[in-house]
Structures are given as C-alpha cells and as structure tokens.
Amino acid sequence: RRRGRALPGAVGALCRALPPRARPAPDTLRRARFDRPQASLDFWRLLYALLKQIHGGKWTESDAVDNQIRFVKSALWYHGYGRPELYQLPSDGSAGSRELLLAFSWLLHRLSLLEQLLARNRVKTGDETSVCMCEDDLPNSQKGTTEIAPEYGLEDRVDVRYLQWLNGRLRFQWRSLHAQHQEQCKLLHKIHLFTSGSHMDQILGHFSVTETDLVRQPENYKRLLQLLESETMQLEAFLEWKQLEPVYWQWMEAVLDNMAEEGNMSESQDAHVEKSGLPKENLCCPWADSLTEQIGRLSRDLMTLRDQLHKLITHRKAVWCEKVKTREEELQKEWFSVTARKIQESVELRLLDLAYLCAPKKKKKHGSCRLVFRSKHPASQMGFGRSVSKDPVSAVSATDVIRELQMREASLERELKQLQEECRRRLDEIAEGLDGVICISP
C-alpha cells in the first residue's frame, strides 16, 4: 500500500524533472505498463525528443513519425540496447508502449538520462567551455554495441566513393567549426577586455556575455528569470525523484514479472497447439508400421555414420597436430631472431612513455568550466574557474591543456608508427609466399 501511494509521486517527479518541451503526462507511463496502444505514439515522441537532446541535435514536433522511430531505434542500438523486440515494433507507432517503457527505464539507469539532460539544458549565466583531460577510454556501456544491428541497417555494400565524399564533407565541416570557434574566442576576449574591472566580484573582474547583454538590454532579465525559475523547479523535482526512485524500480520489476508471465503463457499455448496438431496414431493405416520401421532403420544408419565420421575426424586431427608440431619446431629457430627484434622494439616504445606514466598523476579535470580573462592583475590570475566566489578556485590554464594534448598526440603517433611497422612486416611475409609477384613498399 505504501508503495502504491508513493508510485504516483515518483512518476510525477520523474516527469517534472524532464525538460519542459519533452515532458510527458504521468498517465502515459501508467498506460504503457499495460501495453496500451494509445501510449505508443506519445512514447516514441518522448524518446525522440530526449535522445535528440542527448546527441545535441535539433528537433521539431512536425518531424514524420517514421523518421522519429527510425532515429530512436538507431540511437538505442548505438548505446547498446540489445532487446530485439523493440527493433521489431511497427514503424507507424501503433503498438509497443510497454517495450518503449522498458527502453526509457534502461536509458534512465544506463546513461544517467536525467543528469545529462539537466547538465545540457541548464541556464548558462557565465562564459563556459568544456575541458576534458581524461583518457579517451571507450565506456563499458558502448562495448559490444556492434554485435546486433536493427533491421533497417545497410543491406548492400557501400560505395567507397560515397565514403570518400562523406570523409571530405566531415573534414570541411570540422574546419568550418574550428574557424567559428576561433571567431567566438576573439569576440569573447573583446568582451572580457572591455568590461574588465566592472564586475562586483574581484576574482572575475569582468562581465560574461549574458551579463553584458543584460546591461545593454535590461528588459531581457524577465526571460532569464523565467528560465532560472523553470530550472529551479526541475532541480526540485529531481531531488524528489532521487528520494522516490527505489519505488519506481520496484514498479518496473513488477512490469518485467508481468511480461515474463505473459510470455510463458503464450509459449505454453503455442506448445499446446503444436502438440494437438500432431497426427495421432491410426491403426487403420496399413502403411504406418512400415514407415516406422524405415524411420528406425534410417536412424540407426545415421548413428553408425556419425560414429565413423567421429573416428575419422579424430585420426585426421591427430595427424595434423603432429605435422603442426613438427613445423613449429622448424620455424621456431627461424622466427626466434624476428620475435626478439619485435620484442626489443616494443620495449623501446614503451620505455619512451615510462617517464610520463610514472610521473605523479594530477587530478584530471573534466566538465564545464567558466572562462575568466587572465591579466596582469593578481586578482584575476585564474585561467578557468568553476565557481564565482572570493575564495581561490580550482583553475587550469590553456597552456596546461595544450601540453597535455601534445603529450597524448606524441604517444598516439608512436603507437601509430608501431602498428604501421607491424602491418608492413605482415605484408612482406604474405608477399614472400606469392610466386611471380614483386611488391614495392611505399
């Protein structure tokens, strides 16, 4: 009873913690629990809006339903959602609300969906940028995501020229983005320089873009105040959700139990139908006994053939193992020097990184930081700051970030050279086995 009373509060807090434009009605989740088709389309739109925001794309409610469903399936497959029943749902959004409820709950748990949305949609009152000095390790949630593929994947081979065109387009867009980022940095530097000494907080010493806009157009503060109030309500709902979250997951366990019971019932019904559909023994058929004898004879012949094949395979395997062992002993003397040279090269490459790996590790910075203008005044010697206060804040300068990236670039270049050398040696070994072919290395 207590859980039943707390469940509406948990679902309501979860809905209020979502962004306003993608906020569903609490009844949508309740109808989806019973697999109501009326909630399917609303759930597709909800997942489309949330995943679009996670991937930083623009979305409009006028997008076609089939395009929204295709994008949701692609995004879920990319993040590693491996339930095949979801990818078999129809593209018109007419069914599958309970499957979508499971996918939505999986995103809540695996991707920390609410935390990501709150971080992306929060009101930025300062000039912020993202700083990441962590290692580029692949998250565990994305390992093995290529093992499954939805039905709408590429059916035929892709033309290499199309891939080359995509690569060129990507490089062009990357250069355009880099140029725009440089222009933004120049304009931001001008704002920080011209407003230097105007801020009440002496640690900052200058206005941000938002504060400068409010100084020029004071009437915009109403809109900013509305955004801050909306964000405050979302944060309050998020805190309420964190308190009632165990109730929601208990409810989802009940949903999974119901699905398992329905699946067992359907399997038993199918088995009953198949069993009832089997032909019964009819004593009036004169050919039944002869057919049964023929089936038994064929079964015995197949068993005998299987035993013979097993003996043959065992003998062939023993012969091949003996040949392989002899060949390994012959090649061991030839490959000893080559293997020793490879080990020596690998050790030399690893020793180059030894100084960097054994150096005392500093706390890696990751996340959003506020850009602060750095001048000769002692009060503003703060490259990046996470908070606005008169106390010293953790800071990192652009020089440190550049040095970190240069060291990582050098390490990756050494690893690339090692891989290229290994590929070249393998190609040489393959070329030696080709008669009448001359291979010239680039």
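The values are calculated or read from the model by the stated rules, or taken from the named source; none is laboratory data. Just so it is clear, the structure is predicted and the values come from calculations on it, not from any experiment. Neighbour counts run over all protein chains shown; Cβ positions are idealised from the backbone, glycine included. Keep in mind that these areas ignore ligands, DNA and RNA; they rest on the heavy atoms of the full protein, side chains included. Shrake-Rupley method; radii C 1.70, N 1.55, O 1.52, S 1.80 Å.
Brief remarks on what is shown
- Applying the criteria of a DSSP loop state and at most 16 other Cβ atoms within 10 Å to the GluC sites (Glu not before Pro) of the range 11-118 yields GLU61.
- For the range 151-241, trypsin sites (Lys or Arg not before Pro) meeting the loop criterion (DSSP other than H, G, I, E, B) and having at most 12 other Cβ atoms within 10 Å: ARG157.
- Area accessible to solvent at MET303, 1.4 Å probe radius, in Å²: 90
- Overall form of the range 175-233 per C-alpha gyration tensor (a/c, 1.5; a/b vs b/c): oblate
- In the complete set of protein chains, residue-level accessible area for LYS323 is approximately 120 Å², probe 1.4 angstrom.
- For the residues VAL158, VAL255, VAL247, a 1.4 Å probe over the protein chains yields an accessible-area ranking, largest first, of VAL158, VAL247, VAL255.
- When ARG120, ARG98 are compared by accessible surface with a 1.4 Å probe, the order from highest to lowest is ARG120, ARG98.
- Among the listed pairs LYS124/LYS186; LYS342/LYS417; LYS52/LYS73, none has a Cα-Cα distance over 23 Å.
- Within the range 6-71, the chymotrypsin sites (Phe, Trp or Tyr not before Pro) that combine a DSSP coil assignment with at most 12 other C-beta atoms in a 10 angstrom radius are PHE34.
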